[in-house]
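First the structure, in the form of structure tokens, and then the observations on it.
The values are calculated or read from the model by the stated rules, or taken from the named source; none is laboratory data. What you are looking at is a predicted structure, and each value in this text was computed from that prediction instead of being measured. Methodologically, a virtual Cβ is constructed for each residue, glycine included, from the backbone with ideal geometry; neighbour enumeration extends over all protein chains shown.
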Amino acid sequence: MKLAETNRMKQRGWRMPLLAGLAFSVCLHSGLLGAQVSSYGDKETGQNTGDQLPTVLQKVGVEQHLNQQLPMNAAFIDDTGKQVTLGNYFGKHPAIVSMVYYNCPMLCSEELDGLTGALEMVKLIPGKDFEVVIISIDPTETPALAAKKKEFYLKRYGHPETAAGWHFLTGQTPAIDAVSSAIGFGYVKVPGLDGRLSQFAHASSIELVTTSGKVAQYYLGVEYSPKDVLLGLIDASGNKIGSPVANILTYCYHYDPTTNKHSLIVARVVQFGGMVTMAGLGGFIFLMFRRDLKLGRDHDLTRDTTDKG
């Protein structure tokens, strides 16, 4: 009897940490679903029917144009007020390109936070090994605003000596659209709180670009794996083109500070994958507990028979 009880405890001993880990995974996916789709009290999805995006977002998204040449002659103004072309940042190093706007009330800051956090753990140096090129999609934004954003993120990055590798650009619509078209970055101007077209609906992504200025890899969303970014930069430095990634998009659309709500923050992010994972893990946990119960009943029957004998 003691031997049977010992074996049973051993079986449960290895299984319980596994089950605890799986249960944590289920909770994590539930948290992702809640964070990305449902609300914390300050978020709500935009009006849509079934699986359809709101009309305003039909032209918003990221089409992956791998191996597409960026327009090297596109003219911008950098954060010092100097006139530059996109080609100024290519030829020697690969680059990380991000299209945002500096007055974005929500998603752009999350994207730049995610990029900066990833780069903190990438053992490569901006300006020496690669360039960071941030392009505003708002033609009304100024170099002074770009300089302010650069100062903020350079301080967060914690390496002021890499300032020469960070470039926050502003420009006019033809140059902005030339770059966004090459990348496949769709955005739409939408009314702000004052009724004027002062905000933008857009998706979130960063692109890795080769030393020759061709799109090598896309990373979608607002959080980026440092390992993936590192490997992507290494490949891009050798002018290698990556593969398409799953087109899971994070959207930004109209923030209203008077109600502290976003009419559309995120649409269908990890929803299907999370539900499948939860179902699979739940089924596995159910089968394991069912097996434990069966082993317990068998053990009790054996013990009763032994005691009676």
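Quick one: is PRO174 more than 22 Å from the chain's Cα centre (by Cα), over 17 Å from ASN88 (Cα atoms) and part of a loop (DSSP other than H, G, I, E, B)? Criteria not met by PRO174. Criterion first (more than 21 Å from the chain's Cα centre (by Cα), surrounded by fewer than 23 Cβ atoms within 10 Å (Cβ to Cβ) and not in a loop (DSSP other than H, G, I, E, B)) does LYS189 satisfy it? Judged against the criteria, LYS189 is a match.
Of everything listed in (1) more than 25 Å from LYS92 (Cα to Cα); (2) in contact with a Phe, Trp or Tyr (Cβ under 6 Å, 6 or more places away or on another chain), the single unmet condition for SER136 is (1).
For (1) on the phi > 0 side of the Ramachandran plot; (2) surrounded by fewer than 17 Cβ atoms within 10 Å (Cβ to Cβ); (3) not aromatic (Phe, Trp, Tyr), each residue gets a yes or a no:
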{"site": "CYS108", "(1), (2), (3)": "no, no, yes"}
{"site": "GLU120", "(1), (2), (3)": "no, yes, yes"}
{"site": "PRO139", "(1), (2), (3)": "no, yes, yes"}
{"site": "THR142", "(1), (2), (3)": "no, yes, yes"}
{"site": "LEU154", "(1), (2), (3)": "no, no, yes"}
{"site": "PHE185", "(1), (2), (3)": "no, no, no"}
{"site": "SER205", "(1), (2), (3)": "no, no, yes"}
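The rows are residues; the columns are (1) over 18 Å from GLU161 (Cα atoms); (2) part of a loop (DSSP other than H, G, I, E, B); (3) in contact (Cβ under 8 Å) with a residue 24 or more places away in the chain; (4) outside the structural domain of GLY184 (by TED's automatic domain parsing).
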{"position": "THR80", "(1), (2), (3), (4)": "no, yes, yes, no"}
{"position": "ASN88", "(1), (2), (3), (4)": "yes, no, no, no"}
{"position": "GLY91", "(1), (2), (3), (4)": "yes, yes, yes, no"}
{"position": "SER109", "(1), (2), (3), (4)": "yes, no, no, no"}
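Say whether the condition of being touching a Phe, Trp or Tyr at 6+ places or on another chain (Cβ under 8 Å), among the polar types (S, T, N, Q) and over 24 Å from ALA236 (Cα atoms) is met by at least one residue in segment 79-87. Yes, some residue in segment 79-87 is touching a Phe, Trp or Tyr at 6+ places or on another chain (Cβ under 8 Å), among the polar types (S, T, N, Q) and over 24 Å from ALA236 (Cα atoms).
For segment 196-218, residues that are of a type in the set (Ser, Thr, Tyr) and at pLDDT below 95 total 3.
Only a single item in (1) out of contact with any His (no Cβ under 7 Å at 6 or more places or on another chain); (2) of a type in the set (Ser, Thr, Tyr); (3) surrounded by 16 or more Cβ atoms within 10 Å (Cβ to Cβ) is not met by THR80, and it is number (3).
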